[in-house]
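A quick write-up on the structure given underneath.
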Amino acid sequence: MRASKPIRPRFSSARAACVSSVFVGASVVAFVGALLSSCGAPRSRPFDAAEPIAHEPRRVDFDVEHYALDLELQPAERRIEAACTIRLFTLERALAELELDLRDLDVTSVVDELGRPVEFEHDARKLRLRPSPPLRPRSFASFTVRYGGAPRAGLWFVRERDGQPTQVYSQGECEDSSAWFPCVDAPDERATSELRVVAPAKWRSLAAGEFVDRVELEGGRAAERWRMTSAHPAYLTTLVAGELSTHAERWNAVLVDYWSAPDLAAWLRPGLGATPQVLGYFSELTGARYPWSKYSQACVDNFRFGGMENITATTLTDAVLSDELGRRDYDAIDLVTHEAAHQWFGNLLTCESWSEIWLNEGFATYMTELYREAVEGVDAFRASMRDVQDSYLAQDRGPQRRPTVWNVYRDPMDLFTTGHAYPGGAARLHLLRFVVGDAAFFRGLARYVADNAASSVDTADLRRAIERESGLDLRRWFEQWLHSAGYPEFALEWSWDPARRVVLIDVEQTQTSEGGTPTVFTLPVDIEVRDETGARTTRVTVDQRRQRFELSATTKPMWVVFDKFGWIPKRLVQQRGLEEWLALAVHDEDVNGRRDALAALGAELERSRDDKLRWRIVEVVIAAASDTSPAVRSAALRAFGGVHTGPEHPIARCLTTAASSDRSAAVRVAALESLARWDTRARFAAFALERFDERYSYATMGAAARLYAAARPEAAREWIVERLPLTSPHDVLRAQLLRALALIPGQDSDDALLNAALDTASHSHAREMAVRELARRAPRWPKARQAFLSILESTPWYRLQNAAIDALGAVGDPASRAALQRFHARSNEPRQRRLIEAALSKSAS
């Protein structure tokens, strides 16, 4: 699953966990980080809530063999009527009682395979069956449960038209499949499944496995059947149904198809068409051909995540589908690859318990980066991996610091939202690849898949596979990096001894042991020294709190780089002089070395008043603006954000050229945003309008609008309001324009944002932007507060609800707090409950 796992802006540092970042560019990166961190356990709870507790893997005395689900959808009532037959095999002892999971639905009867009534007891979460006579050890039995009601989770009715839903989708992870059918809702319980779904005749359905048949029924209804013959955990059971269009193709005899609402169907192939190539790459990488006969991707409305890797049939947010302008900003390929990788890491191999979720999510995240390395090249891979590492480092701190393998939580979804499973897991796999070497790592990966296919796995299974292929004893590495908390923090100083022609490098590990972080991490590190004779890389082992390394240097080094190519997730403090930064910006083969150098040079450019020195920096940065890497070009253009020149200056020409002609929309945005910071920005107002009218991409149009708002705020307000009705997929452009409007002070801007927030005809993405900007500008304005309260109580849009939650937390008055507490009591979504708790804690502080 991609926890809203993001749609990644091309060449952006955003590693979103909230898919709304697709529409708002860099400003939402901060929101995403806040959302992720707020989902962790708050420091204090504003009302009674269960304490996190340790969870052991669930054990039951029977093995479920098969689920046969017969489901009638009642969209108008948002209800279901259903029967589920569970076939099971008892283990070593007789069973007088069996416990299944079934939440918040009404059970009307239970019968055994002979049709005999079975005594049962059902509370809010558990269904207990008491067969008579008790089941014999090591025997088969079947029970049919008839039930119905309005699911509060697990099955969602969405995409309303005239008050009626036109789509339904399931979402089982972590333990929400039991909100729509009885099951053992645990990741290590695998069973085959079949599904018969009755729905309006104009609807189509998609489920796991192979399509069996369709039968037209009376009353404008139809029944479709699906069968999945490979065993899988209940959380991977899936259903998407509604008014849907499809595009289908074949890859190596595998059916690959894409589903969406009809009005989005034209964008299916452009957005998702790389899927066959992705499946081929992962088949080769893992040594295991894609295991099933079909792979579907269904794009649905108001999906609460970025994507969900249901077995053979992934569900995606329909926000991934856009026209050419949208695709220039945000490429769905990261989401496509992440969810496809899960078909191996998550579905073919499934974490034994939620405490091991990093084996699902860390692998899917790293496989996405490996695909990028194969397709886009090593610079793109390294730049993106740095973003992954930085995302993890930003989140693994304070009360959220914990080991990667961790079984202490209130709800298993809490383990998904603190950075450890996704970027933290990927960063550790990247480091493991460095420690054992490419050949052993990829052989070990293939062995891990081969040895554990179609079964549950834990971290020890991975260690055994990598050890076998590498010949290394990795117990200490796994203990430090996966079963202990934190990461290393280094301080480095170096000096050159000309008499001995060596460079002396002093390395100190400065991390504290708070929270179980190792006082000393033991690992190899590559150190690069470049002098006049060239660059040399030496591998050393850090295994002490303080160490000195002596490396050869014929002349005074131009630079010393600790952890060349950035394999280690770490903090590093190293003082560098200007000459070292200039050399790195020009000559470093590592894309991230160039990026770091440009950021440092930009800061020096803003500080320095030495014209000669400044011009040296300018020449280097202008040259970097033509780098082959979009990440480096963006860094170069952002380095000019504090210089404030006129339009004819070479720096201004560099920025305007990039904003007009760079092939990367993200690079154009960087140029426009630097211009918007200048004191001289009023002189670029006409240029901003030209870039908007060019319509290169929605993000560049938004950046142009923000430049115009900064340059001519009074004229820009009316100009922006006039353009708010412009159409774009999912109201992306309207969201961008509202973000620009929020830069302009005054009551008229507040009024326009308020109207946009309450405009139910707009897509939720535009309304969410309006709510967030209004909360930032005027959280205590009574009309704004009332709007936030109204939106929270009335909107079905998940991300808009979350925006209102954050806004009411910013208001913080008794009425807002009471509304948040009421919503917390009825919300069934763990991430949203944590968000409310964080908002209440914030307002109480």
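Summarising the label geometry, the points placed 7 Å from Cα in the beta-carbon direction at Ala844 and Arg397 lie 2.4 nm from one another. Each of Ile311, His232, Leu462 was placed along the dipole of the chain (beta-carbon charges, centred on the mean Cα), and the one lying farthest toward the positive end is Leu462.
Sorted into 5 angstrom bins from 0, the C-alpha pair distances of the range 53-136 split as 3, 11, 20, 25, 19, 11, 7, 4, 1, 0 percent.
The range 587-640 and the range 678-708 have Cα centres lying 23 Å from one another. State the label only: which of (1) 46, 39, 25; (2) 46, 35, 24; (3) 47, 40, 30 corresponds to semi-axes √(5λ) of the Cα gyration tensor in Å computed from the shown model? So the structure-derived entry is (2).
Provide the net charge surrounding Ala716, with neighbours chosen by a C-beta distance below 11 Å and charges set as Lys +1, Arg +1, Asp -1, Glu -1. Show your work: numbers first, answer last.
On the way: positive: Arg706, Arg712, Arg717, Arg723; negative: Glu714, Glu718, Glu722.
Value of the local net charge: +1.
Using the Cβ-Cβ distance between Arg79 and Ala682 with R0 set to 45 Å, the FRET efficiency from 1/(1 + (r/R0)^6) comes to roughly 0.15. Placing unit charges on each Cβ (+1 for Lys and Arg, -1 for Asp and Glu) gives the chain a dipole about its Cα centre, and among Ala340, Thr192, Met701 the Cα reaching farthest toward its positive end belongs to Met701.
Taking a sphere under 13 Å around the Cβ of Arg463 and counting the other residues whose Cβ falls inside, with K and R at +1 and D and E at -1, yields a net charge of -2.
Work out the FRET efficiency for Glu97 and Arg214 from their Cβ-Cβ distance, taking R0 = 30 Å, and round it to the nearest 0.05. Don't skip to the end; give the middle numbers.
On the way: r = 39 Å, r/R0 = 1.31.
It comes to 0.15.
Pairs with C-alpha atoms separated by more than 31 Å, drawn from the list Lys556/Lys612; Lys783/Lys842; Lys202/Lys294; Lys570/Lys612, are Lys570/Lys612.
Quickly estimate the mean residue ellipticity at 222 nm for the chain, helices only: each DSSP H run with n ≥ 4 gives -39500 (n - 2.57), and the total goes over all residues, rounded to 500.
Values: 27 runs with 329 residues, N = 845.
Estimated from H runs of four or more residues: -12000 deg cm²/dmol.
Give me the distance between the Cα centres of the range 263-302 and the range 800-832, rounded to whole Å. If you average the Cα positions of each part, the centres end up 37 Å apart. Our coupling estimate for the range 391-403, obtained by passing each phi through the Karplus curve with A = 6.51, B = -1.76, C = 1.60 and θ = phi - 60°, is 4, 5, 4, 5, 9, 8, 7, x, x, 8, 6, 6, x Hz, Gly and Pro reported as x.
Counting DSSP beta bridges with both partners in the chain, what percentage is antiparallel, nearest 5?
Values: 111 of 136 bridges.
Bridges in the chain that DSSP calls antiparallel: roughly 80 percent.
Under 5 Å from the amide H of Ser455 lie the amide H atoms of Thr350, each residue being 5 or more positions distant or on a separate chain, with H modelled from the backbone and absent for Pro and chain starts. In loop segments of the range 158-207 as defined by DSSP, the trypsin sites (Lys or Arg not before Pro) with at most 14 further C-beta atoms inside 10 Å of their C-beta are Lys202. The accessible surface of the chain, taken with every protein chain in place and a 1.4 Å probe, is 49 percent carbon and sulfur. Our Cα-only numbers for the range 624-712 put the radius of gyration and Dmax at 11.4, 34 Å. For the range 523-587, the solvent-accessible area works out to 48 Å² per residue, with a probe of 1.4 Å and every protein chain left in place. If you add up the charges near Leu774, with Lys and Arg at +1 and Asp and Glu at -1, over every other residue whose beta carbon is less than 12 angstrom from its beta carbon, what do you get? Computed value for this residue: +3.
Note on exposure: Ser132, Ser178, Ser293 ranked by accessible area (1.4 Å probe, complete protein assembly) read Ser132, Ser293, Ser178, with the most exposed listed first.
How big is D, in µm² s⁻¹, for the range 551-595 by Stokes-Einstein at 4 °C and 1.567 mPa s if Rh is the Kirkwood radius over C-alpha pairs?
Details: Rh = 11.7 Å.
It comes out at roughly 111 µm²/s.
Phi-derived couplings, Karplus 6.51 cos²θ - 1.76 cosθ + 1.60 at θ = phi - 60°, listed residue by residue for the range 245-251: 10, 9, 10, 10, 8, 10, 9 Hz, with x used for Gly and Pro.
The packing ranking of peptides 405-416, 229-240, 619-630, 350-361, highest mean first, is 350-361, 229-240, 405-416, 619-630, where packing means the average number of other beta carbon atoms within 10 angstrom of each residue.
The values are calculated or read from the model by the stated rules, or taken from the named source; none is laboratory data. The model shown is predicted, which means the values in this text are computed figures rather than measured ones. When we count neighbours, we look across all protein chains shown, and the Cβ atoms used for this are built from the backbone with ideal geometry, even at glycine. All accessible areas refer to the heavy atoms of the entire protein, side chains included, with ligands and DNA or RNA removed. Shrake-Rupley method; radii C 1.70, N 1.55, O 1.52, S 1.80 Å.
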